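Presented below is the structure to which this report refers.
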Amino acid sequence: MKIINKLSLLLLVLTFSCKGDIQQKIANSTSDSNQHPKLILTKNGVEKIRASLGSVPIFDKTLAKVKEEIDAEIALGIDTPIPKDYSGGYTHVRHKRNMVVLQKAGVLYQILDDEKYAKYVKDMLMQYEAMYKTLPIHPKTRSYARGKLFWQCLNDSNWLVYVSQAYDCIYNYLSEEERNKLETNLFKPFADYISIGNPQFYQRVHNHSTWGNAAVGMIGLVMDDQELIDRALYGIKDLKLNSEEKDDDGGFLNKDGKAGFLANIEEPFSPDGYYNEGPYYQRYAMYPFLIFAEGLHNVKPALKIFEYKEGVLLKSINALLNLSDANGDFFPLNDGQKGMSYYTSALVTAVDISYHFGDKNPGLLSIAKDQDRVLLDDSGLAVALGIKEGKAKPFEKKSINLSDGPDGTQGGVGILRNEDIELVFKYAAQGSSHGHYDKLSYSLYEKGEEVIQDYGLARFVNIEQKGGGNYLKENKTWAKQTIAHNTVTQNETSHFNAKYEIGSQHHSVLNYFSSESKNIKVVSAKETNAYPGTTMLRTMAIIKDENFEKPYVLDIMKIVSNKANQYDFPYYFLGQVLNTSFEYKIPTTLKPLGSKNGYQHLYLEGTAKVLEENSKLSWLNKGKFYTLTSVTNKADELLFTRIGANDPEFNLRREAALMVRRKNTKNTIFVSSIETHGSYSPVSESATNSKSNIKELKVVLDTDAYTAVSVRNLKGVTKLFITANTNASKETKHKIKINNKNYEWSGSYYFK
């Protein structure tokens, strides 16, 4: 007997070779297998919705928009073309549109009790039934698991997740003969194909597999097919493979029993609700996680799915919302498309289900108000009623440290927030096949605008002209490489040599996280495996000082190595260069900075020799001034770079960085500050506080145990920040002497 979860709650997750009494109890616990709808909408829920119509504004508004949308689709007629395109092509877009339309039409039938919607759903499903019986595998061959309606099984699974809801809504409208026809020729073969027919897609712990598990499970719940439900929850029974199978982006088929929906909850989520692939893919996966969980809650209540792993599915929504900036855009950790936000439909689902099945957090209602729509189901009605009753309160984002790994022991992500400044510090595990090689990297925001940016992914999602809307080769050659991020690259080689098999074995370790102080927020973490023989310890703080207009960032990267290396430390700033404290030369011809590991995509636009102990760069972006001050030495080189070399199809954004290069160095420390200050109005053509307030940044102590940095402003006021490199617990008492002055404090750091 294999136990996937550690005696969580009442359920022991058993393998198919040894099903126990508890699994049988769950199988027999269906509330009423002949009662429909039962999956997302419920019979009682529909009655409450109908009774509330006309009195819950946001629900009524959503319903009216959906009705207008679906009525227009019905007027256009049904189109189920023979599949032939990649993402963004007509057949792909049409079938993707059809699945959403079917789900919405089914809901309208239940709420409005108008048979035209049921007939529309039935007619389209019958067209799919007629097509699917003889439909070959999709002609596009790029995917490691080709679908039939779509070029990859992932999209086929998307389709079945939505369409199972539509089928549930019109189940009783159909005759028994019609249901048998659909189930025998369409739904059961469809579920078998994406699971048994493609185990390399289905039998994994990955967002792809979560969609597959949910698809098989949801249609199984509607059809009351226990075999499909078990396959969804626990994976494929008695799977036999002759060779290891690998997908095209680094993921592997699991042979160690970790498969199925419950394993996909158990493995990727930390106890804090952080999803190891990052917020972009957590957003994508939350829909199947939550919509299938809602179906399980309604049909298989004994499973207690929302309590599984101490309620991590509902916890994850709070984590995900905190992984967004002031505008609601998700931070682009790992593979992530910029601009994806909690206004997406998947987060409408997440917010509504979290409120309905969780602790009724009033902050979720404020986000629902901003989303300006709700689900047309039981959870959406609960949210609409909460808003109507005036229960909404602002969703407060605070500094937060989110652990990574199934047990919360594989690093994490620290988010520091101080007034309008947000800093995202990544010291997490690899992040599955969507992970980047960027240990101890960070990005910086002010009021939702990027100041120091993370590149995100190299992909034009669903834009057919750009690689069929799929990942571009530059995602591997540039976006995942270490030099594409704001962290240290050693000897022009990426962390773990950019090898998934190595990177997935390691994670960084938290030194400390401190957010109790109103004025100072700090995160510190160590990485010992990115480069054999080299240890990196990075400490980052956002400091609110009465002598500065706004909070500023202090960044300390301490490196200890067993040999001399070249270290490159880039700062990917956005905006227009204003001035520098150093003189630089511009080459007459642009050439790549290197030949591999991402360097081949960087043009060298300027070079400078360091003349002073502090090197400054100031820039203007979207009406705000910023200054980077770096502690440098005369052996350092300063390089202006720009993304875009060896990119003949213009797949990469042409963005700039300032890089500090330190050669032939064994142990070293990089210290810098970033100030946000002043503003510029193009209307009044006036600039205020456009210059840096830092006169000098200086390392006054650097030992194994402590690093101390002094910050002196233009008025001559000096503050000292001391970080504990070891023994950094809140209870530890420290006493050191710097320049013949004693300093004593308790905790992880000192600032005064």
Cα-based helix-to-principal-axis angle, 207-223 vs the chain, degrees rounded to 10: 20 degrees
Cβ-based net charge around A191, under 9 Å, with every Lys or Arg adding one and every Asp or Glu removing one: 0
Mean projected area in nm² (Cα convex hull; one quarter of hull surface) for the stretch 400-751: 19.2 nm²
Whole-number percent relative contact order across the chain, with pairs defined as alpha carbons under 8 Å at least 6 apart: 8 percent
Residue-span extension gain [T535 to K752] - 0.36 nm each, minus C-alpha spacing: 75.3 nm
Volume per residue of the C-alpha convex hull in the stretch 48-176, rounded to whole Å³: 118 Å³
Helix 43-52 vs. the chain, principal-axis angle (Cα, 0 to 90°, nearest 10): 70 degrees
Estimated [θ] at 222 nm from DSSP helical runs (n ≥ 4, -39500 (n - 2.57)) normalised by residues in the chain, nearest 500: -9000 deg cm²/dmol
Long-range tail of P(r) for the stretch 610-663 (Cα pairs > 17 Å, %): 51 percent
Counted charge near L365, where neighbours are those whose Cβ lies closer than 11 Å (Asp, Glu -1; Lys, Arg +1): +2
Efficiency of FRET between N646 and Q576 - r from beta-carbon atoms, R0 25 angstrom, step 0.05: 0.45
Shape call, the stretch 445-507: gyration tensor on alpha carbons, a/c limit 1.5: oblate
Nearest-ten-degree value, helix 279-299 long axis tilted from longest Cα axis of the chain: 30 degrees
At most 14 other Cβ within 10 Å, DSSP loop - GluC sites (Glu not before Pro), the stretch 662-724: E685
From phi via Karplus (6.51, -1.76, 1.60), per-residue ³J(HN,Hα) for the stretch 335-345 in Hz, x at Gly/Pro: 5, x, 7, 5, x, 5, 9, 7, 8, 5, 4
Hz values of 3J(HN,Hα) by residue in the stretch 63-77 - Karplus curve (6.51, -1.76, 1.60), Gly and Pro given as x: 4, 4, 5, 5, 4, 4, 4, 6, 4, 5, 5, 4, 5, 6, x
4 °C / 1.567 mPa s Stokes-Einstein diffusion coefficient of the stretch 361-490, Kirkwood radius on C-alpha pairs, µm²/s: 73 µm²/s
Length gained when the stretch K65-N633 is fully extended (0.36 nm per residue, less Cα-Cα span): 198.2 nm
Fraction in percent of alpha-carbon pairs per bin - 10 Å, the stretch 81-131: 25, 45, 24, 5
Inter-label distance for K698 and A326, nm, one decimal - labels placed 7 Å from Cα along Cα-to-Cβ: 3.4 nm
Phi to ³J(HN,Hα) by Karplus 6.51 cos²θ - 1.76 cosθ + 1.60 over the stretch 642-654, Hz, x for Gly, Pro: 9, 5, x, 5, 6, 9, x, 9, 6, 7, 9, 6, 8
Gap separating the Cα centres of the stretch 621-681 and the stretch 91-161, nearest whole Å: 48 Å
Prolate/oblate/rounded call for the stretch 16-388, Cα gyration tensor, a/c under 1.5 rounded: rounded
15 Å reach of a label modelled at K369, 7 Å along Cα-to-Cβ, counting backbone N of the stretch 46-67: 57-59
Inter-site label distance for I82 and S55 at 7 Å from Cα along Cβ, in nm: 5.5 nm
Cα gyration tensor, the stretch 439-576 - rounded (a/c under 1.5), prolate or oblate: oblate
Convex hull (Cα only) mean projected area of the chain, reported in nm² to one decimal: 34.6 nm²
E492/E389 FRET efficiency (R0 56 Å; Cβ-Cβ; nearest 0.05): 0.40
Net charge contributed by nearby residues that have their C-beta within less than 11 Å of F261 (K/R +1, D/E -1): -1
Separation of alpha-carbon centers, the stretch 505-581 and the stretch 342-400, rounded to whole Å: 35 Å
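No value in this document is a laboratory result; all are computed from the given coordinates. Note that this is a predicted model, so its numbers are computed, not measured. Backbone-built Cβ (ideal geometry, glycine too); neighbour counts: all protein chains shown.
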